[in-house]
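Engineer: This structure is in structure tokens; I'll ask about it shortly.
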Amino acid sequence: MTKRIFRSICLVAIAVFLACVTLFLFVLYDYFGNVQQRGLKTQTELAAQGVETVGAEYFEGLSPKGYRVSWISADGKVLYDSEADSSEMENHLAREEIKEALESGYGESSRYSATLMERTLYSAKRLTDGTVIRLSVAQSTLLTLLLGMTQPIIIIIVIAVVISFWLAHRLSKKITAPLNQLNLDDPLNNEGYDELSPLLRRIDAQQRQIRGQEKELRQKQEEFEAVTENMAEGIILLNTKGVILGINRAASTLFGTTRNSIGKYILSINRNLEISELLSGIESGVRKEKIIDLNGGKYQLALNPVRESGNVSGAVLLMLDVTEKEQAEQMRREFTANVSHELKTPLHTIAGCAELLENGMVRPEDTARFYSQIRGEAGRMIALVEDIIRLSHLDEGAEDMKRERVDLYDLTAETVKSLSREAESAGVFVSIEGESAVVYGIPQLLESIVYNLTDNAIKYNRQGGTVKVSVERLSDGIRLSVADTGIGIPPEHRERIFERFYRVDKSRSKELGGTGLGLSIVKHAARLHHAKIELQSAEGEGTTITVVFPEKND
Ligand code: ADP
């Protein structure tokens, strides 16, 4: 800007100066012309007086320097000319100054001479005898004047240019100084040009608007971060090249990285091949989904392209932990396979026995055994189906079952009593000890717990063994424990016996009418009562399973 102002001032100064010089030259030229014309008139009048006084003798020996003197008769004939032979000169009657002098006594004119590049001034006066005396003088042209003044003009031009350069430099600096000192952070607090006020007011208004918008944006970003930070799902915002623009805490933890990963290429912090394959879809703008193994869990990754006015500008990578869902799915598949398998064996036995009976291939004395086998297998199936129904009921949360205050000791005593026949036929002595203890729970489930634990303690016992069932009140809960002197459980199986259909010895369990679901039901029922299960066992010596109910378990 300073440069432009400087250049403009220089140009204006030089242009004004040149215009002045030109104008001055014209005025000067005109002035000199007038002075010369007046001088010529005086000379003409003097010459006229001379001719009037002495007549033609006046011209004898006349040598006018710089002037040309002519004497013309009243009919235009040249009688004398100081520079040419008058007899050879043409008639001058038509010359403007002669015509004027003949008419009014005095005449003037000026003419350009094309060859000499100069102007000639004429002045003519009529004498009393009617003749006309004419004087002419050459006037130098503007160009001649200019050439004559070249040197001073050049000196003046140089001085003027230097002065205008210096002035222009100072002026331009002075003009731009207040502009350079403007404080745009506080536009309204500026002194300087009044003309800048509307602009500064506008800047101030726009700055306020920008600050407002910035605040709004920051707020929105903070809100977004607050929401995404506390989400269990991982979220990563990516640009089309796969560079991380945003990442929440869950995603950072999952990738074992920090928030500093913003600006890094996603594959530089996780080189999982499946993720890289998924990301190949960013630029094409196609939504992609995949379940992958990550950090020992299963994660569902969904890549959603982000579009801005039709073009893909990036993508959002959403990561959901589906480990439990996948495990539940796996368990369901295994459970269905196990159920089918468990039902197939008794059904085959029933079908086989029935076929033999139908075809009369069983001896009459054996029929009773066959019928009892059919009944036994059907009973196992019923027990299995009942356990499955109970278990699926528990899986759904058993919400239709009512909770109430139950005396666990009374309930245990009754359940143990209902198992007395089994205990007797197994040759096992079952005893119950303890005290009245009230649990707020679901009676049917509490009964299932006691029944299954006592039943197992009888089943997996030895002839003449014992089972001790006890109910105890603790300072912070109620403890039910079932201790037997049975075969015990090998350490490697202890963790798994609570799984569905898991048995240490499959054939022994089946022989004893076990379904492999008893302890699963105990585990589920205990969980619904917020109770803890503990297992102690020694091979060949016995097993003690304890269930501790918290004081409040609703
Ligand atoms: P089952 O119907 O086979 O008894 P459970 O789920 O009740 O199924 O028990 C799972 C397995 O745990 C049993 O098959 C058995 O091998 C073992 N088990 C359970 N209770 C005892 C116990 N008191 N003593 C020894 N083994 C036991």
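Engineer: Determine whether the stretch 59-74 contains at least one residue that is loosely packed, with under 11 Cβ neighbours inside 10 Å, basic (K, R), free of Cβ contacts under 8 Å to residues at least 60 places away in the same chain and outside any strand (DSSP E or B).
Structural biologist: There is at least one residue in the stretch 59-74 that is loosely packed, with under 11 Cβ neighbours inside 10 Å, basic (K, R), free of Cβ contacts under 8 Å to residues at least 60 places away in the same chain and outside any strand (DSSP E or B).
Engineer: Still on this structure, I have one more. How about the stretch 164-187: which of its residues are in contact (Cβ under 8 Å) with a residue 40 or more places away in the chain and open to solvent by 50 Å² or more (accessible area, probe 1.4 Å)? Reasoning before the result, please.
Structural biologist: Of the residues in the stretch 164-187, the ones in contact (Cβ under 8 Å) with a residue 40 or more places away in the chain are 164-165, 167-169, 171-173, 175-176, 179.
Scanning the stretch 164-187 gives F165, L167, H169, L171, K173, I175.
Engineer: Here's a follow-up. Just for the stretch 193-252: of the residues that are touching a residue at least 60 places away in the same chain (Cβ under 8 Å), touching a helix residue (DSSP H, G or I) at 6+ places or on another chain (Cβ under 8 Å) and open to solvent by less than 50 Å² (accessible area, probe 1.4 Å), which one is farthest from L303 (Cα to Cα)?
Structural biologist: Filtering the stretch 193-252 for residues that are touching a residue at least 60 places away in the same chain (Cβ under 8 Å), touching a helix residue (DSSP H, G or I) at 6+ places or on another chain (Cβ under 8 Å) and open to solvent by less than 50 Å² (accessible area, probe 1.4 Å), the one farthest from L303 (Cα to Cα) comes out as G234.
Engineer: Inspect the stretch 528-544 for any residue being touching a helix residue (DSSP H, G or I) at 6+ places or on another chain (Cβ under 9 Å) and of a type in the set (K, R) and give the result as yes or no.
Structural biologist: Yes: the stretch 528-544 contains one or more residues that are touching a helix residue (DSSP H, G or I) at 6+ places or on another chain (Cβ under 9 Å) and of a type in the set (K, R).
Engineer: Is it the case, given these coordinates, that L303 is at negative phi and modelled with pLDDT of 90 or more?
Structural biologist: Yes; evaluated as a whole, the condition is true for this residue.
Engineer: Being of a type in the set (A, V, I, L, M, F, W, C) and on the phi > 0 side of the Ramachandran plot is the requirement here; does F501 meet it? Can you show your working first?
Structural biologist: Numbers: of a type in the set (A, V, I, L, M, F, W, C): yes; on the phi > 0 side of the Ramachandran plot: yes.
Here the answer is yes, as F501 does meet what is asked.
Engineer: Let me ask you something else. May I ask you to list the residues in the stretch 254-269 that are within 18 Å of Q300 (Cα to Cα) and surrounded by fewer than 16 Cβ atoms within 10 Å (Cβ to Cβ)?
Structural biologist: Selection gives G256, L267.
Conditions (1) over 21 Å from G518 (Cβ atoms); (2) in contact with a helix residue (DSSP H, G or I) (Cβ under 6 Å, 6 or more places away or on another chain); (3) not assigned by TED's automatic domain parsing to the domain that holds E283; (4) not polar (S, T, N, Q), marked per residue:
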{"residue": "G310", "(1), (2), (3), (4)": "yes, no, no, yes"}
{"residue": "G314", "(1), (2), (3), (4)": "yes, no, no, yes"}
{"residue": "M331", "(1), (2), (3), (4)": "no, no, yes, yes"}
{"residue": "E334", "(1), (2), (3), (4)": "no, no, yes, yes"}
{"residue": "N359", "(1), (2), (3), (4)": "yes, no, yes, no"}
{"residue": "A368", "(1), (2), (3), (4)": "yes, no, yes, yes"}
{"residue": "G376", "(1), (2), (3), (4)": "no, no, yes, yes"}
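Engineer: Hey, another quick one. I want to confirm something. Restricting to the stretch 436-452 and keeping residues that are over 60 Å from the mean Cα position of the chain (by Cα) and of a type outside the set (D, E), which single residue is nearest to the ligand (Cβ to nearest atom)?
Structural biologist: N452
For every residue, the table says whether it meets (1) at pLDDT 90 or above; (2) surrounded by 16 or more Cβ atoms within 10 Å (Cβ to Cβ); (3) more than 24 Å from the chain's Cα centre (by Cα).
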site: M319; (1), (2), (3): yes, yes, no
site: R332; (1), (2), (3): no, no, yes
site: F335; (1), (2), (3): no, yes, yes
site: A354; (1), (2), (3): yes, no, yes
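Engineer: May I ask you to list the residues in the stretch 1-35 that are modelled with pLDDT of 85 or more, over 60 Å from the mean Cα position of the chain (by Cα) and either of a type in the set (G, A, S) or under 18 Å from R68 (Cβ atoms) (or both)?
Structural biologist: Within the stretch 1-35, just A19 meets the criteria.
Engineer: Looking at D455, D400, which is the one that is open to solvent by less than 30 Å² (accessible area, probe 1.4 Å) and not β-branched (V, I, T)? Walk me through how you get there before you give the answer.
Structural biologist: Values: D400 fails: open to solvent by less than 30 Å² (accessible area, probe 1.4 Å).
One residue alone meets the criteria, D455.
Engineer: Given the residues D395, D366, which is the only one that is exposed (fewer than 15 other Cβ atoms within 10 Å of the Cβ) and closer than 23 Å to H524 by Cβ? Talk me through it step by step, then tell me what you get.
Structural biologist: Numbers: D366 fails: closer than 23 Å to H524 by Cβ.
The match here is D395.
Engineer: Considering the stretch 535-547 alone, what residues qualify as being in a strand (DSSP E or B) and either near the ligand (Cβ under 10 Å from one of its atoms) or open to solvent by 40 Å² or more (accessible area, probe 1.4 Å) (or both)?
Structural biologist: L535, Q536, S537, G542, T543, T544, I545
Engineer: With the requirement that a residue be out of contact with any Leu (no Cβ under 7 Å at 6 or more places or on another chain) and either under 16 Å from R119 (Cα atoms) or surrounded by fewer than 16 Cβ atoms within 10 Å (Cβ to Cβ) (or both), what does the stretch 29-49 give you?
Structural biologist: In the first step, residues of the stretch 29-49 are kept if they are out of contact with any Leu (no Cβ under 7 Å at 6 or more places or on another chain); the result is 30-35, 38-39, 41-42, 45-46, 49.
Matches in the stretch 29-49: D30, Y31, F32, G33, N34, V35, R38, G39, T42, E45, L46, Q49.
The values are calculated or read from the model by the stated rules, or taken from the named source; none is laboratory data. Just so it is clear, the structure is predicted and the values come from calculations on it, not from any experiment. Heads up, the Cβs are rebuilt from the backbone with ideal geometry, glycines too, and the neighbour counts pull from every protein chain shown. Quick note on the areas: whole protein, heavy atoms, side chains included, nothing else; ligands and nucleic acids left out. Shrake-Rupley method; radii C 1.70, N 1.55, O 1.52, S 1.80 Å.
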